[in-house]
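The block underneath contains the structure these notes are about, expressed in structure tokens.
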Amino acid sequence: MKSKPILSAAVFIIALFSFSQLLAGNYYQIKVYSLDNPSQEERIDNYLKSTFLKAAHEAGIDNVGVFKPIETDPDYGKKIFVLIPLNDLSEIEKIEDQLSRIELNSESADYINAAHDNPPFKRVETTILKAFSEMPNYHKPAFDTPKQEQIFQIRSYEGATEKLYQKKVEMFNEGGELAIFKDLGFNPVFFGEVLAGANMPNLIYMTSFKNIDSNKELWEAFGVHPKWEELKNDKAYANTVSHIDNWLCHPTAYSDF
């Protein structure tokens with residue numbers, strides 16, 4: 001009878017260790033603000049710049065990226081993307097805790113205390129991702145061009161089934177597709193498997209370029225790369241992508257990226 005407490009403690013320790021192992025690794029949170037008008041864009045900018053980034057930094061997040069679709073993108077003026085690299089998933093709660101501690105200024109109050117008939121956004125969508133095995137850490141690029149010229153490209157690949165989606169992830173990792181991006185100098189920021197989001201099963205990745213011309217040149221080079229020619233004709237990876245979303249963005253002036 002006396003062995004039961006010892007056994008229970010052992011089970012608890014094993015469970016706690018297993019949970020910590022689950023959290024260990026690199027994750028990403030992506031918040032997407034959908035907008036109805038320029039006033040909402042201004043209020044979200046003010047809130048992110050004066051409050052949210054400060055809270056994230058206080059929570060131990062060194063770099064938070066904020067991006068907006070470029071003028072020629074169909075979602076120009078309609079979306080704001082916020083990229084939050086995480087060491088573990090508990091940092092999401094740490095950010096929220098820091099937000100609750102920050103004293104409101106006029107700019108953050110305009111966002112947080114907005115009236116029901118004058119909201120600061122249309123909707124907010126949150127996606128949680130786990131980093132690809134072949135790129136476990138994010139990369140913060142450094143360009144010699146102004147931020148308003150830099151391009152950060154966000155792409156989401158959906159799979160028709162979970163099995164086909166996993167084959168696409170394999171294609172990037174073991175298959176070598178991710179290596180092509182590195183080989184050509186796409187300056188990939190991250191590649192991630194979506195753990196929770198609106199369009200699962202899907203993966204999302206971000207690449208970066210000094211300007212739009214570099215973006216076009218590198219995609220042309222990608223299309224004729226020998227390894228890509230091999231992969232796209234490999235029947236093992238046929239029909240692994242059912243839908244692609246693509247955004248060309250500029251970083252905001254206050255973005256850490």
Residue-normalised accessible area of the range 88-161, given per residue in Å² at a 1.4 Å probe: 60
With every protein chain in place, the chain: carbon and sulfur % of accessible area (1.4 Å): 53
The chain: DSSP helices with Cα axial extent of at least 24 Å and average Kyte-Doolittle hydropathy no lower than 1.6: 3-23
Dipole axis of the chain (+1 Lys, Arg; -1 Asp, Glu on Cβ), positive-most option in 127, 250, 211: 127
If the convex hull is drawn through the Cα atoms of the range 14-147, its volume per residue in Å³: 149
Reduced Cα scattering model of the range 119-257, Debye log10 I(q)/I(0), q = 0.10, 0.14, 0.21 Å⁻¹: -0.35, -0.69, -1.42
Diffusion constant of the chain at 25 °C, which comes from Stokes-Einstein with the Kirkwood Cα-pair radius and 0.890 mPa s, µm²/s: 122
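The values are calculated or read from the model by the stated rules, or taken from the named source; none is laboratory data. If you're wondering where the values come from, they're calculated on a predicted model, not measured in any experiment. Every residue, glycine among them, receives a Cβ derived from its backbone with ideal geometry; neighbour counts consider all protein chains shown. These accessible areas exclude ligands, DNA and RNA; they are computed on the full protein's heavy atoms, side chains included. Shrake-Rupley method; radii C 1.70, N 1.55, O 1.52, S 1.80 Å.
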